[in-house]
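Notes follow the structure.
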Amino acid sequence: MNLTKRIISAFLVLVMLFSVLYLGNQVKEQEKQEVFDNTRTLHIWYTDEALTDYLSSMAVKYNEEHGVRVIPTLQSGLELLQKINEASLTTEYYPDLYIASNDNMEKAYLAGLAMEISDEDRVISLQNFPESAMHAVTYQQKILGYPFYYETSALLYNMTYLEELAKKEIQEELGVVTEETEKAAEEEEKEEDTKTKEENGDEETKTESDKKSGTETEETPAAVTISDEEMAELVHEKVPELIPATFEALLEFAESYDAPQNVEAVFKWDVEDIFYNYFFAGNYMDIGGMCGDSKDSVDIYNEEAIRALMVYQDLSDYFAIDASDVEYASVIQEFMEGKVVLTTATTDIIRKLDEAKENGEFQYDYGIAPIPRLNAEMDTKSLSVTNTIYVNGYTQMKEEANDFAKYLVIEHAKELYEVTGKVSANRNIDYGNPNLDMFMDEYQDSAPMPKLMAISNFWVKMEIMFERIWNGEEVSEELKQLSEEIMTQLTGEPYEETYIKIEEEEEGFIDYSDD
């Protein structure tokens, strides 16, 4: 009996012990869960893998500084908004913020996936961003996102070639030689004198004696010698004068330039991709007004746009580039090999060329300049796309989402380029690189990608039009057809433009002949 009681007592003690341990663990797990539940967590979705390291680093810093966990998630770029919409409506795992291009703004807003941002401290202002960025993130007079980074095109040129040309022209204009060339000339003259003496013997000695005694009175004026530092300064001042400011000047440059043997084309670019061609007509087309969001502000077919595209077609007669045989990557490779002097390029070129130069794969210096005007009367305007940080309309953490977006575009905008090579839309970043500054100038005057869903296929149709014009189709007819297709989509009814005829004597705005 005593033994039985002891066994029962021991069993009860064990039960009580296990109960205490179990309850203790439950309390600890509950405490952990409460801690986890109380940790504020933001989810941000993005589609460009190049942003992964940057966003991960910023997430860690933000958590340390603000006590808010941020989880970046890489998504496929296909149907991003549809994925966000489905996740927001059906699950608890949806993004509080996401990164997408500004042309998605109308679709995102109408689906409830982009809310008007709270910006009491006026972060999104001309003080921090250029006007083009402000227009890019504005829809129906509401600011619906934070300008993150941008893409646009500018003129890329081989600095080494232009410096060599500048030096040659300075020497011819001023009749000067540098210390370096003078020394080389002296060495060459000594070699010639020695060779002549060996060949002519006493006769050469007599000739030299006559020179010293003044028998020969004809003298060649001595060249002015300047230091290498002075020449470098003159070259630095001269190069900007050589960069074509108009396409007329570019053709004149191409005709007169005595190119190095390695050069195969003075100017070559991707004539099929709209991003590298839109600037020809961009200043004379209105696609949705300043912010690209107005169906009542669309003007594609007009005299100025026709004239601009005629300039584009004239270039095809001079440069004879096969549109189907040229693409951006191949042109850039030829530029890196020194086969192309001038081309149009996007912001990605800066990181690419700098890394290639560091690795010994690019042997030249380069520079960025504005896209040339068409001529003295007609201007150009590049296309730009602004990748934007949107705050999801379904988020329960509106304040934190806005704060993290500002954290990226204001406080840590410079690190964006350092880590990813993407150029911030923040105009106040000092990269210490004039080429990046030049891209910002081009972006500032660019035409933002429009937001109208009804004409989302505009770019595909425009690329087709550009290719047909390049290959010789009648400019006014091609532009008329494009305008009618787009206006029919916008109005929902058949639309017909009145044909605009440009007189024959007005065609050929660029004289590319040899006369």
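The values are calculated or read from the model by the stated rules, or taken from the named source; none is laboratory data. Small disclaimer: the values here were computed from a predicted structure and weren't measured. No Cβ is skipped: glycine too gets one built from the backbone with ideal geometry, and neighbour counts run over all protein chains shown. Quick note on the areas: whole protein, heavy atoms, side chains included, nothing else; ligands and nucleic acids left out. Shrake-Rupley method; radii C 1.70, N 1.55, O 1.52, S 1.80 Å.
Among the residues of the range 69-121, those identified as farther than 20 Å from ASP403 by Cβ, of a type in the set (S, T, N, Q) and open to solvent by 20 Å² or more (accessible area, probe 1.4 Å) are GLN75, SER76, GLN82, ASN85, THR90, THR91, SER101, ASN104. Among the residues of the range 469-488, which ones are open to solvent by 60 Å² or more (accessible area, probe 1.4 Å) and either modelled with pLDDT of 95 or more or in contact with a His (Cβ under 8 Å, 6 or more places away or on another chain) (or both)? Those that are open to solvent by 60 Å² or more (accessible area, probe 1.4 Å) and either modelled with pLDDT of 95 or more or in contact with a His (Cβ under 8 Å, 6 or more places away or on another chain) (or both): GLU473, GLU474, GLU477, GLN481, GLU485. Checked against the criteria, TYR364 counts as more than 24 Å from ALA447 (Cβ to Cβ), touching a helix residue (DSSP H, G or I) at 6+ places or on another chain (Cβ under 9 Å), of a type in the set (Ser, Thr, Tyr) and in contact (Cβ under 8 Å) with a residue 12 or more places away in the chain.
Out of the residues in the range 73-119 that are aromatic (Phe, Trp, Tyr) and within 27 Å of the chain's Cα centre (by Cα), which is farthest from TYR149 (Cα to Cα)? In this case the residue turns out to be TYR109. Could you say whether any residue in the range 142-163 is free of Cβ contacts under 8 Å to residues at least 24 places away in the same chain and out of contact with any Leu (no Cβ under 6 Å at 6 or more places or on another chain)? Scanning the range 142-163 turns up no residue that is free of Cβ contacts under 8 Å to residues at least 24 places away in the same chain and out of contact with any Leu (no Cβ under 6 Å at 6 or more places or on another chain). Selection of the range 373-405 for residues being assigned to a strand (DSSP E or B) and charged (D, E, K, R) yields only ARG373.
Quick grid of which residues meet (1) open to solvent by 40 Å² or more (accessible area, probe 1.4 Å); (2) of a type outside the set (A, V, I, L, M, F, W, C); (3) free of Cβ contacts under 8 Å to residues at least 60 places away in the same chain:
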position: ASP286; (1), (2), (3): yes, yes, yes
position: MET290; (1), (2), (3): yes, no, no
position: ASN302; (1), (2), (3): no, yes, no
position: MET310; (1), (2), (3): no, no, no
position: ALA323; (1), (2), (3): no, no, no
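Scanning the range 484-495 for residues that are more than 17 Å from GLU467 (Cβ to Cβ) and of a type outside the set (A, V, I, L, M, F, W, C) yields GLU484, THR488, GLN489, THR491, GLY492, GLU493, PRO494, TYR495.
What about VAL341, is it open to solvent by less than 10 Å² (accessible area, probe 1.4 Å), of a type in the set (Val, Ile, Thr) and touching a residue at least 12 places away in the same chain (Cβ under 8 Å)? Against the criterion (open to solvent by less than 10 Å² (accessible area, probe 1.4 Å), of a type in the set (Val, Ile, Thr) and touching a residue at least 12 places away in the same chain (Cβ under 8 Å)), VAL341 qualifies.
Has the range 401-420 got any residue that is small (Gly, Ala, Ser) and surrounded by fewer than 16 Cβ atoms within 10 Å (Cβ to Cβ)? No: the range 401-420 contains no residue that is small (Gly, Ala, Ser) and surrounded by fewer than 16 Cβ atoms within 10 Å (Cβ to Cβ).
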